[in-house]
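Asker: Below you will find the structure I want to go over with you.
Nothing in this text is a laboratory measurement; each read-out follows from the coordinates by a stated rule. Please read all numbers here as calculations on a predicted model, not as lab measurements. Counting neighbours? That spans all protein chains shown, and the Cβs are built from the backbone with ideal geometry, glycine included.
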Amino acid sequence: MRRVGIIAAGESKFGARVGMEYEELFVEAFLEAMGQVDNLESKDIQEAFVGSLAFGGSQLGNMSALVVDSVNLIGIPASRVENACGSSGYALRYAIMSIASGINDIVIAGGVEKMQDISKATRLYWFGVAGDIKWERLSGMTFPGNYALMATRHMKEFGTKKEALSSVAVKNHDFASRNPKAQFQRKITLEQAMNAPIVAYPLNIYDCCPITDGASCVILCDLEIAKKYTDTPIEIVGFGAGTDHLALYQRESITRIDAAVKASKMAFKMANLQPKDIEVAEVHDCFTIAEILAYEDIGFCKKGDGGKMILDGETTIHGRIPVNTGGGLKAKGHPIGATGTAQIYEIFKQLRGEHENQVHDATIGLTHNVGGTGSACTVTILRRV
Amino acid sequence: MAHVSIPKYWKALPQKYRLVAGKCSNCGELNFPPTTLCKKCGQENTQKHIELKGKGTVYTYTIIGRGGAPPEFAKMQKKCGPYAIAIVELEEGLKINVQLTDCDPFKDVNIGMKVSAVFRRIYEQENVIRYGLKFRPIIE
Ligand SMILES: [Zn+2]
């Protein structure tokens with residue numbers, strides 16, 4: 001297996017990008033990435049892997065052709081990768097594998113989603129498409145509702161407090177307040193976060209990620225060849241992935257995301273590292289409870305101690321392991337199919353020492369990207385070379 | 001709307017009306033809904049159909065706030081307000097995802113509450129009223 005590095009990473013501004021199309025958002029991300037490598041030309045890129053749910057359905061089929069056309073790469077192999085909110089994490093996986101295997105030398109992996117400019121009813125419909133349609137949806141279940149089921153049970157089993165959930169939102173809004181690309185560039189107080197209107201009890205509006213337009217794009221390269229383009233490539237030293245039952249009620253545990261546990265183990269084993277070696281992480285906080293589950297599933301703390309970990313401040317900038325320094329899905333935003341590689345964007349900047357919320361001298365980082373309510377997950381470990 | 005076509009809904013009526021599960025004659029596992037391959041031992045076509053009793057306890061729950069219901073439940077929520085959804089652990093040992101009814105979601109529902117199935121209207125789609133099971137508290 002060849003060693004694989006990231007030589008550039010770009011991201012569009014996240015938020016309500018009224019009037020912007022999928023492909024226009026992707027161009028923004030692509031151009032930022034290309035601008036970081038002086039001597040790389042479009043013709044050097046050999047394949048594209050694009051994550052998207054195609055939210056709203058306006059370009060559900062053959063989206064990859066639309067995307068590569070927008071960045072003048074037409075002709076190269078390209079495909080849309082779909083695993084709901086975990087789409088671009090999986091797009092990245094296939095991009096890495098295509099280089100590691102020797103088939104490609106330089107490829108792009110990215111994602112795009114357009115969620116605004118859509119009627120509320122259409123949006124509510126699309127939020128449900130990645131769940132179990134035949135059974136969960138027939139009970140009137142919603143996407144936040146499923147994570148709420150996990151939260152209620154976690155609170156019962158481990159005494160996790162509502163304050164812990166709200167503290168995740170406060171921390172991530174704080175990080176986002178210094179990120180010029182974030183959807184919400186403002187801090188919130190714990191009191192605000194605790195007392196907002198209920199979406200799906202025990203989750204309120206501040207426990208939920210927003211509706212976001214956005215795109216992200218990273219350029220991957222064989223690590224030997226990468227020297228030609230940059231002195232500071234970031235190596236992908238471990239990557240894992242897993243799946244689980246689509247329906248929450250069929251899973252072995254409601255308070256653990258097994259797909260994430262499997263993906264983490266696979267990535268740590270490949271990297272020959274342990275959770276304690278990670279210095280900065282971006283985890284999938286689509287809902288505040290999801291960040292707490294991520295701490296436990298990755299192994300940053302013991303099962304059941306996730307609530308304590310956030311309350312003790314261990315994941316703030318001064319903590320043992322700062323998490324979601326870009327603002328997370330909660331405050332930076334969650335353009336579904338773009339999120340996985342948007343997390344890579346943050347860690348790439350951290351490991352090159354270029355981040356707005358820089359973790360001092362970080363050399364090893366991790367991303368954790370979850371699809372649906374935990375039916376798919378990828379975990380990626382990156383290291384400064 | 002969550003598009004569950006009429007033929008697809010019809011195919012699952014034994015589950016939606018009577019909680020028909022597949023008991024594996026090879027390993028004893030209960031599969032709900034019945035599957036071609038047993039979820040536990042992987043054997044093909046070994047499942048005998050049995051009816052679950054429709055009684056159990058709330059394992060975890062949520063309450064869907066006003067305005068948060070999927071489109072097909074929006075009418076019901078406008079009329080009745082927030083509603084509770086639970087994962088119920090049935091007496092037979094397996095779990096299912098159901099809507100709770102005949103209770104005040106904020107006052108009555110808690111983990112461990114005993115519930116039983118009741119036949120109800122679920123929603124209307126493609127001009128057909130879909131019926132199925134909801135669960136309500138057992139008053140002792
Ligand atoms: Zn069996």
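Asker: Would you list, by chain and number, the aspartates and glutamates whose Cα falls below 18 Å from the Cα of A:Lys308, excluding same-chain residues fewer than 8 positions away?
Answerer: The qualifying aspartates and glutamates are A:Glu157, A:Glu163, A:Asp207, A:Asp285, A:Glu291, A:Glu296, A:Asp297.
Asker: A:Gln250: net charge of surrounding residues, Cβ under 13 Å, Lys/Arg +1, Asp/Glu -1, itself excluded? Mind dumping the intermediate values first?
Answerer: Details: positive: A:Lys134, A:Arg251, B:Lys39, B:Lys40, B:Lys95; negative: A:Asp132, A:Glu136, A:Asp244, A:Glu252, A:Asp258, B:Glu29, B:Glu89.
So the environment of A:Gln250 carries a net charge of -2.
Asker: Could you derive backbone 3J(HN,Hα) for segment A:365-374 from the dihedral phi with the Karplus parameters 6.51, -1.76 and 1.60 (θ = phi - 60°), listing whole Hz in sequence and x where the residue is Gly or Pro?
Answerer: Ordered by residue, 3J(HN,Hα) equals x, 9, 10, 9, 10, 10, x, x, 9, x Hz.
Asker: Given springs between every Cα pair under 10 Å in a Gaussian network model of chain A, which of A:Gly340, A:Gly145, A:Gly240 has the largest fluctuation?
Answerer: Maximum among the listed residues: A:Gly145.
Asker: So, in Å, what gap is there between the alpha-carbon centers of segment B:86-113 and segment A:283-312?
Answerer: If you average the Cα positions of each part, the centres end up 26 Å apart.
Asker: Taking beta carbons within 10 Å but only from partner chains, what does the mean come to for residues A:151-164? Before the final figure, lay out the partial values.
Answerer: Values: counts 2, 11, 5, 1, 2, 5, 2, 0, 0, 0, 0, 0, 0, 0.
The mean count of partner-chain Cβ atoms within 10 Å per residue comes to 2.
Asker: So what are the ³J(HN,Hα) numbers for segment B:12-17, from phi and the Karplus equation (6.51, -1.76, 1.60; θ = phi - 60°), rounded to whole Hz, Gly and Pro as x?
Answerer: 9, 4, x, 6, 6, 9
Asker: Amide H to amide H, which residues 5 or more places from A:Ala200 or on other chains are under 5 Å from it, using H placed in the peptide plane?
Answerer: B:Gly65
Asker: Taking A:Lys228 as the anchor, which lysines have their alpha carbon closer than 22 Å to its alpha carbon, excluding any fewer than eight residues away along the same chain?
Answerer: Candidates past the 8-residue exclusion: A:Lys43, A:Lys349.
Asker: Just to be sure I understand: with springs between alpha-carbon atoms less than 10 Å apart, which residue in B:Lys23, B:Lys114, B:Lys39 has the highest mean-square fluctuation in the Gaussian network model of chain B?
Answerer: In this elastic network of chain B, the residue with the biggest mean-square fluctuation among B:Lys23, B:Lys114, B:Lys39 is B:Lys39.
Asker: How far is helix A:22-34 tilted off the main Cα axis of chain A, in degrees rounded to 10, range 0 to 90?
Answerer: 60 degrees
Asker: Okay, moving on. Using a Gaussian network model of chain B whose springs link C-alpha atoms within less than 10 Å, name the residue from B:Glu126, B:Glu89, B:Glu72 with the highest mean-square fluctuation.
Answerer: B:Glu126
Asker: Restricting to DSSP H runs of at least four residues, report the calculated mean residue ellipticity at 222 nm for chain A, -39500 (n - 2.57) per run over all residues, nearest 500 deg cm²/dmol. Write down the numbers at each step before the final one.
Answerer: On the way: 12 runs with 127 residues, N = 385.
Computed mean residue ellipticity for chain A: -10000 deg cm²/dmol.
Asker: Okay, next question. Taking the Cα centre as origin and putting +1 on Lys and Arg beta-carbons and -1 on Asp and Glu beta-carbons, what dipole magnitude results for chain B, to the nearest 20 debye?
Answerer: Numbers: 22 positive and 13 negative charges, 56 e Å.
The dipole magnitude comes to about 280 debye.
Asker: Next question, about the same structure. Rank the residues A:Ser12, B:Ser116, A:Ser98 as a footprinting-exposure proxy: fewest other Cβ atoms within 10 Å of their Cβ go first.
Answerer: Values: A:Ser12 26, B:Ser116 15, A:Ser98 20.
Placing the least packed residue first, the sequence is B:Ser116, A:Ser98, A:Ser12.
Asker: Report ³J(HN,Hα) in whole Hz for each residue of segment A:335-346, in order, from the Karplus equation J = 6.51 cos²θ - 1.76 cosθ + 1.60 where θ = phi - 60°; Gly and Pro get x.
Answerer: Once rounded to whole Hz, the list reads x, 2, x, 8, 5, x, 7, 5, 5, 4, 3, 5.
Asker: For chain B, what does -39500 (n - 2.57) per DSSP helix run (n ≥ 4), summed and divided by total residues, give at 222 nm, in deg cm²/dmol to the nearest 500? Write out the running numbers ahead of the final one.
Answerer: Details: 4 runs with 23 residues, N = 140.
Mean residue ellipticity, 222 nm, calculated: -3500 deg cm²/dmol.
Asker: Which value, in debye to the nearest 20, describes the size of the charge dipole of the protein assembly as shown about its Cα centre when Lys and Arg Cβ atoms bear +1, Asp and Glu Cβ atoms bear -1, and nothing else is charged? Don't jump to the answer; show the numbers that get you there.
Answerer: Working: 61 positive and 57 negative charges, 405 e Å.
Charge dipole of the protein assembly as shown: 1940 debye, to the nearest 20.
Asker: For segment A:34-97, calculate the relative contact order in percent as a whole number, restricting contacts to Cα pairs under 8 Å that are 6 or more residues apart. Mind dumping the intermediate values first?
Answerer: Working: 78 pairs, mean separation 25.1, N = 64.
Over segment A:34-97, the number comes to 39 percent.
Asker: Then there is this: Take every Cα pair under 8 Å in chain A that's 6+ residues apart, average their separations, divide by the length, and report that relative contact order as a whole percent. Present the calculation step by step, with values, prior to reporting the outcome.
Answerer: Working: 965 pairs, mean separation 101.2, N = 385.
Value for chain A: 26 percent.
Asker: Now, a different point. Fewest to most neighbouring Cβ within 10 Å: what's the order for A:Arg17, B:Arg136? All intermediate terms of the calculation are to be shown ahead of the outcome.
Answerer: Working: A:Arg17 22, B:Arg136 17.
Lowest to highest Cβ neighbour count: B:Arg136, A:Arg17.
Asker: Collect residues whose amide H, placed 1.01 Å from N in the peptide plane, falls under 5 Å from the amide H of A:Ala8; neighbours closer than 5 in sequence don't count.
Answerer: So A:Ala8 has HN proximity to A:Ile219.
Asker: Summing Lys, Arg as +1 and Asp, Glu as -1, what charge do residues with Cβ under 10 Å from the Cβ of A:Glu11 carry, A:Glu11 excluded?
Answerer: Surrounding charge for A:Glu11 is +1.
Asker: Using alpha-carbon positions, what is the distance between the centroids of segment A:73-144 and segment A:176-246, in Å?
Answerer: Centre-to-centre (Cα) distance: 15 Å.
Asker: Note down the relative contact order for segment B:54-137 as a percent, whole number, built from C-alpha pairs under 8 angstrom at least six residues apart.
Answerer: Working: 165 pairs, mean separation 26.7, N = 84.
Once divided by the residue count of segment B:54-137, the mean separation gives 32 percent.
Asker: Quick one: which residues, 5+ away or cross-chain, put their amide H under 5 Å from the amide H of A:Cys85? H built at 1.01 Å from N.
Answerer: A:Gly372
Asker: Using a 10 angstrom Cβ neighbour count of at most 15 plus a DSSP loop assignment to flag exposed GluC sites (Glu not before Pro), which longest range of chain A is free of such sites? Don't skip to the answer; put the middle values down first.
Answerer: Numbers: sites that count: A:Glu41, A:Glu252, A:Glu354.
Segment A:42-251 is the longest.
Asker: A further question on this structure: Tell me, A:Asp117, A:Asp244, A:Asp305 in order of fewest to most beta-carbon neighbours within 10 Å? Don't skip to the end; give the middle numbers.
Answerer: Numbers: A:Asp117 14, A:Asp244 24, A:Asp305 17.
Sorted ascending by nearby Cβ count, the order is A:Asp117, A:Asp305, A:Asp244.
Asker: Would you work out which of B:Val118, B:Gly132, B:Gly81 lies farthest towards the positive end of the dipole of segment B:54-137, given +1 charges on the beta-carbon of Lys and Arg and -1 on that of Asp and Glu, about the Cα centre?
Answerer: So the residue furthest toward the plus end is B:Gly81.
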